[in-house]
1. Do any of K58/K123; K82/K123; K35/K94; K35/K98; K31/K104 go past 27 Å between their Cα atoms, and which?
2. Can you pull the accessible area of I83 for me, 1.4 Å probe, Å² to the nearest 10?
3. Any idea of D79's accessible area? Nearest 10 Å², probe 1.4 Å.
4. Short version: ³J(HN,Hα) in whole Hz for each residue of region 76-87, in order, from phi by Karplus 6.51 cos²θ - 1.76 cosθ + 1.60 (θ = phi - 60°), x for Gly and Pro, what are they?
5. Could you work out how much longer the chain between E115 and K31 gets when fully extended? Use 0.36 nm per residue separation minus the Cα distance between them, nm to one decimal.
6. If each residue of separation counts as 0.36 nm, what is the full-extension length gain between Y73 and R99 once their alpha-carbon separation is subtracted?
Amino acid sequence: RISYRICIHLETLAPMKQTIAKGKDRGFKPKQVNKDLFKDFKGKKGKKAKKPNVPRKKLVKSLIEEVIGLVPYEKRILDMIKIGGPNSEKRIYKFSKKRLGTHKRAINKRAAMKELYVKMRAKSANI
């Protein structure tokens, strides 16, 4: 005999589709996801935001750089620039690409580090 409470509870549950163990439609059927939700996130890596607050962002980055200094991999890139050599450009690029992930970021980082090195040399020459 089934109690009254259990009967009400069973009626409120939605009917479940039964999965088949064999055949073409076997296994658990997942819920279909609305793919329109993911269109905004497609290909976002390395892209600029729609409305970047550039002056504030630059200020914050420069402040952090002043207080903390360079990250260890950036120091290593500076050492590579100081040492130089025939393949230094390529070595710096490969190293920064491995650390940063994309071609464009690696090239930008290499250019930024070279600029920083030039500034450091100019500063030391003036002293």
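1. Numbers: K58/K123 22 Å; K82/K123 15 Å; K35/K94 36 Å; K35/K98 32 Å; K31/K104 38 Å.
Listed pairs above 27 Å: K35/K94; K35/K98; K31/K104.
2. About 130 Å², ignoring ligands and nucleic acids.
3. For D79, solvent-accessible area is about 80 Å².
4. So the Karplus estimates, Gly and Pro as x, are 5, 5, 4, 4, 4, 5, 4, 5, x, x, x, 10 Hz.
5. Residue separation times 0.36 nm, minus the Cα-Cα distance, leaves 25.0 nm.
6. 8.6 nm
The values are calculated or read from the model by the stated rules, or taken from the named source; none is laboratory data. This is a predicted model, so every value here is computed, not measured. Surface accessibility is based on the protein's heavy atoms, side chains included, excluding ligands, DNA and RNA. Shrake-Rupley method; radii C 1.70, N 1.55, O 1.52, S 1.80 Å.
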